[in-house]
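Engineer: The structure is given below, and queries will be raised subsequently.
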Amino acid sequence: MQRRSLLRAAGAGTLVAATPFVRAQGSLKPFKFNLGWKVEASGAGFLLAHQRGYYKDAGLDVAIDTGNGSTAAISLVGSGAYDVASADLSSMIEFNVANPQAGLKAVAIQYDLNPNSIIVRKDGAIKKPADLAGKTILGQPFNASRKLFPVFAKAQGFDPSGVKWENVAPDIGDTRFVKGDFDALAYFYFTGLLNLKARGMGAEQLTVFRFSDHGMKSYGNGLVANPKSMEQADAMRAFVKATTRGWIDCIADPKAGGAAVKTREPLANQAIETERLQLIVDGTMKTADVRANGWGAATPARLQATIDETVAAFGLKSTPSVADFFSDRFLPSATDRQLKA
């Protein structure tokens with residue numbers, strides 16, 4: 001993908017900016033979206049866009065469902081059960097290499113900085129990433145932080161093969177970590193910190209090794225779409241534009257995003273989800289690239305780094321091109337992508 005193609009969306013987006021996509025009959029077009037996880041702050045931008053009527057205004061009847069992790073969400077999009085899902089882009093690349101006919105692509109970037117991390121006790125023996133060599137880490141096989149750990153380890157100069165991985169359900173594993181059963185946890189940092197806080201271990205007691213702070217350049221989650229949904233180009237543009245608006249609102253007002261989570265899931269703790277959303281906003285979205293290029297946009301260098309790091313971490317047999325896994329043609333105009341002052 002040439003650099004200029006990433007900028008074309010600024011002009012192309014203006015063609016659809018004035019008029020929302022509406023079916024010829026005047027009815028709303030059904031559109032199925034998978035959050036990729038349960039109802040929490042990671043989905044706040046989508047929920048806020050839905051609750052404020054942005055999808056409806058764009059001519060879409062968007063159904064938002066919960067998920068069970070990126071791997072499951074990607075498979076559901078690949079099967080056609082969903083039009084789009086929020087999912088880890090490295091996992092999507094792995095899926096495409098294993099299923100060449102799938103043709104999934106990211107149509108926007110959700111997490112500009114990768115949220116994968118390793119969390120350890122501040123008062124423990126692990127003071128730097130290399131100290132993780134030979135230690136015991138909680139992380140399920142489908143966990144993106146575990147799968148990308150080899151790239152992180154190699155960047156820090158130690159052999160990842162000596163690490164012992166514990167495959168324990170997150171809720172049980174978090175409690176056991178607090179008790180001292182494991183040396184570390186592999187998590188999205190904003191998930192791990194809040195899970196442990198709920199079990200009485202605050203951030204002041206923890207050290208977080210974020211992969212993005214230690215050499216990893218990969219993007220995190222993106223909006224993953226299948227070929228059939230991308231063929232409905234007007235609907236896809238409408239969805240991405242309305243979603244962009246929802247996330248920009250969340251970045252400007254995390255309290256509104258936390259309230260949107262609470263409205264969708266009455267059992268959610270609004271204060272915790274607002275705090276989680278603030279961590280997401282500050283750590284993955286308020287970046288130099290997002291301020292320069294707007295929410296959802298990507299750069300060729302970072303896209304290529306995402307491919308290279310994924311191929312290395314997962315030992316993939318082939319290397320896709322940037323054009324194979326990302327499309328900028330559904331992004332709204334540069335103006336519509338800009339964060340609020």
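Engineer: Please go through segment 164-179 and pick out each residue that is surrounded by fewer than 12 Cβ atoms within 10 Å (Cβ to Cβ) and among the acidic types (D, E).
Structural biologist: D171
Engineer: What is the number of the single condition among (1) closer than 23 Å to R329 by Cα; (2) assigned to a helix (DSSP H, G or I); (3) of a type in the set (S, T, Y) that Y111 does not meet?
Structural biologist: Unmet for Y111, out of (1) closer than 23 Å to R329 by Cα; (2) assigned to a helix (DSSP H, G or I); (3) of a type in the set (S, T, Y): (2).
Engineer: Restricting segment 226-253 to residues that are more than 21 Å from L89 (Cα to Cα) and outside any helix (DSSP H, G or I), which is most open to solvent (accessible area, probe 1.4 Å)?
Structural biologist: Q232
Engineer: Let me ask something additional. Would you point out which residue out of P150, P141 is at pLDDT below 95 and open to solvent by 60 Å² or more (accessible area, probe 1.4 Å)?
Structural biologist: Values: P150 fails: open to solvent by 60 Å² or more (accessible area, probe 1.4 Å).
P141 is the lone residue from the list that is at pLDDT below 95 and open to solvent by 60 Å² or more (accessible area, probe 1.4 Å).
Engineer: Additional query: Within segment 66-106, take every residue that is within 15 Å of G43 (Cβ to Cβ) and either out of contact with any strand residue (DSSP E or B) (no Cβ under 9 Å at 6 or more places or on another chain) or among the hydroxyl-bearing types (S, T, Y) (or both) and give me the one that is least open to solvent (accessible area, probe 1.4 Å).
Structural biologist: Once the filter is applied, the top-ranked residue is S86.
Engineer: Moving on to the next point. I need the full set of residues from segment 291-331 which are among the β-branched types (V, I, T), open to solvent by 10 Å² or more (accessible area, probe 1.4 Å) and closer than 15 Å to S212 by Cβ, in order please.
Structural biologist: T299
Engineer: Looking at segment 149-167, is at least one residue in contact (Cβ under 8 Å) with a residue 40 or more places away in the chain, outside any loop (DSSP other than H, G, I, E, B) and over 21 Å from A87 (Cβ atoms)?
Structural biologist: Within segment 149-167 (the criterion being in contact (Cβ under 8 Å) with a residue 40 or more places away in the chain, outside any loop (DSSP other than H, G, I, E, B) and over 21 Å from A87 (Cβ atoms)), the answer is yes, since at least one residue qualifies.
Engineer: Something else now. If we keep just the residues of segment 182-209 that are surrounded by 16 or more Cβ atoms within 10 Å (Cβ to Cβ) and of a type in the set (D, E, K, R), which is nearest to K164 (Cα to Cα)?
Structural biologist: Result: D183.
Engineer: Would you check which residues across segment 33-61 are within 17 Å of I74 (Cα to Cα), hydrophobic (A, V, I, L, M, F, W, C) and assigned to a strand (DSSP E or B) and list them?
Structural biologist: Hit for segment 33-61 is F33, nothing else.
Engineer: Kindly indicate whether any position in segment 295-317 is of a type in the set (S, T, N, Q) and over 21 Å from G103 (Cβ atoms).
Structural biologist: The answer is yes, given that some residue of segment 295-317 is of a type in the set (S, T, N, Q) and over 21 Å from G103 (Cβ atoms).
Engineer: Could you give every pair whose Cβ atoms fall below 7 Å, whose first residue belongs to segment 201-218 and is under 17 Å from K127 (Cα atoms) and in a strand (DSSP E or B), and whose second residue is among the basic types (K, R) and open to solvent by 40 Å² or more (accessible area, probe 1.4 Å), counting only separations of at least 6 or pairs across chains?
Structural biologist: Cβ pairs passing all conditions: L206/R121; L206/K122; T207/K122.
Engineer: A follow-up question, please. Kindly establish whether G59 is at pLDDT 95 or above and open to solvent by less than 30 Å² (accessible area, probe 1.4 Å).
Structural biologist: yes
Engineer: Could you grab me the full set of residues in segment 280-328 that are on the phi > 0 side of the Ramachandran plot and at pLDDT 95 or above?
Structural biologist: G294, G296
Engineer: Name the residue, out of S218, S161, S212, that is open to solvent by 50 Å² or more (accessible area, probe 1.4 Å) and either at pLDDT below 95 or among the hydroxyl-bearing types (S, T, Y) (or both).
Structural biologist: Testing whether each residue is open to solvent by 50 Å² or more (accessible area, probe 1.4 Å) and either at pLDDT below 95 or among the hydroxyl-bearing types (S, T, Y) (or both) leaves just S161.
Engineer: So which of V97, V77 ends up being touching a Lys or Arg at 6+ places or on another chain (Cβ under 9 Å), within 23 Å of A298 (Cα to Cα), of a type in the set (V, I, T) and not in a strand (DSSP E or B)?
Structural biologist: Numbers: V77 fails: touching a Lys or Arg at 6+ places or on another chain (Cβ under 9 Å).
Every option except V97 fails the conditions.
Engineer: Only one of (1) more than 16 Å from the chain's Cα centre (by Cα); (2) within 21 Å of N226 (Cβ to Cβ); (3) not hydrophobic (A, V, I, L, M, F, W, C) is not met by R337, so which one is it?
Structural biologist: Here R337 clears every test but (2).
Engineer: Of all the helices (runs of 4 or more DSSP H) wholly in segment 256-341, which have at least 2 residues that are free of Cβ contacts under 8 Å to residues at least 24 places away in the same chain?
Structural biologist: Counting at least 2 such residues, we get 270-280, 288-293, 300-314.
The values are calculated or read from the model by the stated rules, or taken from the named source; none is laboratory data. Computed from a predicted model, the values in this text were never measured in an experiment. Positions of Cβ are generated from backbone atoms using ideal geometry, with glycine treated the same way; all protein chains shown enter the neighbour counts. These area figures cover heavy atoms from the full protein model, side chains too; ligands, DNA and RNA do not enter into them. Shrake-Rupley method; radii C 1.70, N 1.55, O 1.52, S 1.80 Å.
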